[in-house]
Amino acid sequence: MIRRRVNATASVALAWLALAFAGATTAFAQQADITVAKTGPDTAAPGANVVWTITALNTGPDAATLVQFDDTLPLDMTFVSLAQTTGPTMSCGTPAVGSGGAIQCTLDTMDAGATVTFVLTGNLPPAAASGAFYTNVATFTSFEDVTDENNGGATAVLVTGGLTPADLSVQKSAAGAAGADTDITYTITLLNAGPGSAANVVLTDTLPGTLTFVSFAQNTGPTMSCSTPAVGAGGTVTCTLASMPPGSASFTLVVHVPAATPAGTTFDNVATATSDNDPAEENGQGATTTAISSTDLSVTKTGPASANAGSDVAYTIIVSNAGPDNAINAVLSDVLPAPTTFVSIVRDSGPAATCATPPVGAGGTVSCTFASLGSGATTQFTVTVNTRNALTIVNTATIAADTFDPNGEDNHSTANTSVVQSADVSIGKGANAPLASGAASYTITLANAGPSDAVNAAFNDPLPAGARYASLAQLTGPSATCTTPAVGANGVVRCTVASLAAGASAIFRLDVTFGREVDGQLVVNLVTATSATADPNSGNQTASAEVSVRVPAAVPVPLLPLPALALLVALVAMIGAGVVPVRSGAGVRRW
């Protein structure tokens, strides 16, 4: 008789049909009996993880084929993880982490006597009701096992109320290297990510190896009750707290490395935290490793005492290791001070290093790394930078490594260079088309090509003979202070810019008129630029413009003979006295 099961797969049904219609005259039924056992906790708090162990055994006598394992998470529990720990590997499908649903695994053949073990972890919802039961059933089926006896394993967990889950974690940090007969300072941070308060918190830190206790202090967080070893002894630091709300607490632990500790020794220090209601104990540990070594690294940097603005300056950097150990991952760092820019780096001598630099013409950091700089080794570099428009250059090089350095005073070196300021101030002048008869307009351009800013950049424009000041206007650039002659007078036009930045310019328009004494002449107007900052190029500090002057002649006034002039004066007087009538409108009016 064929026994049908609700959870039989389509492949099982097809196999039975094939046997039923087989043409063999003799058939021997195979038998396999799979038994299932499932274990788990009796109680758990809301929000806690529940871990089940599921074991299936094929008691035979034959191999089981088309084996299938089914387990549906009860109620509103969610999936955390599934791991097979023993037996032939099954192919499994699971819900997404944090989701509910069913687990299903399949296996083509499970030999008689074979055992399959799974560890399934589910999570109770934080709102799970106290007193509720969550019953989980695991079932194994196969083609040959036609009995339901022992094919399923079930267990129930009772939800206990009163404790909301808390998630404790520990972070620990310290220097990666230390020397013999020195102290190591550990920073320990205990964090409760909630959502509930952690009950019966225990923080422990056992000093590894030969390290001995120096001191322990709590810095922040709810005060914990702590016990420590005696000073100079090994042992365990233990801190307890009945209830820790969500938040953090920090501690400082200082230990001593014995003087006889050989180089290369490492100390792995682990701090552990537990509580009664932490469902994620896997993050309750914080660890850090410190290696014992001694390397006396040093760096010296030298350069010129002074340099011209805009010039290249070469610095010599020497890195040394006085030992006694090799320096691991030694890094030379040279931050170029603004506004200097990188030009080049050359290793002159000594062990090679891998260097990174800014692009040529850009600021940034030059760094060179030695994977291992041997005891007694020395390397020299030449780093070249451009001063640009710096006032002074304070350039510091530093050296550091993963190994312990007992003398940090010689791990940095500074070179100071004063920069001689230099500003290439120039002047340009052009004459525009005449504004009107007997007038002209000039454009004056005061510029600074750098590299330094120009202090009190100015131009002087003495108006040529025959020219009279009309007006002055600044068109562009930083505001200038100007003095001019009176309108219609000859004199000097002068403008000063207090600070004309490198690359900047200021443009002015000067209007003048000319007297008839220069009519028909070619008038040359000369302008000169000055600056309080040294100028490396004096050849562009003067400029001139020529104007061909055309002044129109004055209109002549006709002269009257004396008799006629006397008659005209008498006539005007008579009109004023009312003797001579004056016509107004259409009539004649007498005064």
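The values are calculated or read from the model by the stated rules, or taken from the named source; none is laboratory data. Just so it is clear, the structure is predicted and the values come from calculations on it, not from any experiment. Neighbour counts are summed over all protein chains in view; Cβ atoms, including those assigned to glycine, are modelled from backbone coordinates with ideal geometry. For the accessible areas, the whole protein counts, side chains as well, though only heavy atoms, and no ligand, DNA or RNA atoms are used. Shrake-Rupley method; radii C 1.70, N 1.55, O 1.52, S 1.80 Å.
Please give the per residue volume of the convex hull enclosing the alpha carbon atoms of segment 411-496, rounded to a whole number of Å³. Show your work: numbers first, answer last.
Values: hull volume 10.6 nm³, N = 86.
Taking the convex hull of the Cα positions in segment 411-496, it is 123 Å³ per residue.
Once backbone amide H atoms are built at 1.01 Å from N, Ile103 has Asp71, Thr72, Leu73 as its partners under 5 Å, excluding neighbours fewer than 5 places away on the same chain. Remark: accessible surface ordering of Ser548, Ser142 (largest first) is Ser548, Ser142, probe radius 1.4 Å.
When the surface is traced with a 1.4 Å probe over the full set of protein chains, Phe143 keeps roughly 30 Å² accessible.
With a 1.4 Å probe and every protein chain left in place, work out the accessible area per residue of segment 310-466 in Å², rounded to a whole number. Don't skip to the end; give the middle numbers.
Values: 6300 Å² over 157 residues.
Roughly 40 Å² per residue, with all protein chains present.
Among 230-240, 511-521, the peptide with the highest mean count of other Cβ atoms within 10 Å heads the list, and the full ranking is 511-521, 230-240. Solvent-accessible area of segment 303-373 (1.4 angstrom probe, protein heavy atoms only): carbon and sulfur portion equals 56 percent.
Ligands, DNA and RNA left out, the accessible area of segment 434-561 computed with a 1.4 Å probe is 58% carbon and sulfur. Pairwise inverse Cα distances across segment 305-368, averaged and inverted, put the Kirkwood hydrodynamic radius at 13.6 Å.
At 1.4 Å probe radius, can you tell me the per residue accessible area of segment 60-136 in Å²? Per-residue value: 44 Å². Largest to smallest in accessible area, the residues Arg468, Arg347 fall in the order Arg347, Arg468 (1.4 Å probe, all protein chains included). Projected label points at Thr106 and Thr542, each 7 Å from Cα along the beta carbon direction, are separated by 10.1 nanometres.
Starting from the residue with the highest accessible area, list Val366, Val420 in decreasing order, probe 1.4 Å.
Values: Val366 5, Val420 70 Å².
Reading off the accessible areas and sorting them downward yields Val420, Val366.
If you take the Cα centroid of segment 278-348 and the Cα centroid of segment 358-405, the two points sit 7 Å apart. Using heavy atoms of the protein chains and a probe of 1.4 Å, the accessible area assigned to His256 is about 50 Å².
Heavy-atom surface analysis with a 1.4 Å probe gives segment 178-240 a carbon and sulfur content of 54 percent of its accessible area. The largest-to-smallest principal axis extents of the Cα set in segment 314-428 are 66, 25, 20 Å. In this simple spin-label approximation, Ser349 and Asn200 carry label points 7 Å from Cα along the Cα→Cβ vector, and these lie 7.0 nm apart. Note on segment 182-316: along the principal axes its Cα atoms extend 71, 42, 24 Å, ordered by decreasing extent.
Taking every alpha-carbon pair within segment 35-184, the share separated by more than 27 Å comes to 36 percent.
For Ser311, the residues whose modelled amide H falls within less than 5 Å of its own, excluding neighbours fewer than 5 places apart on the same chain, are Thr387, Arg388.
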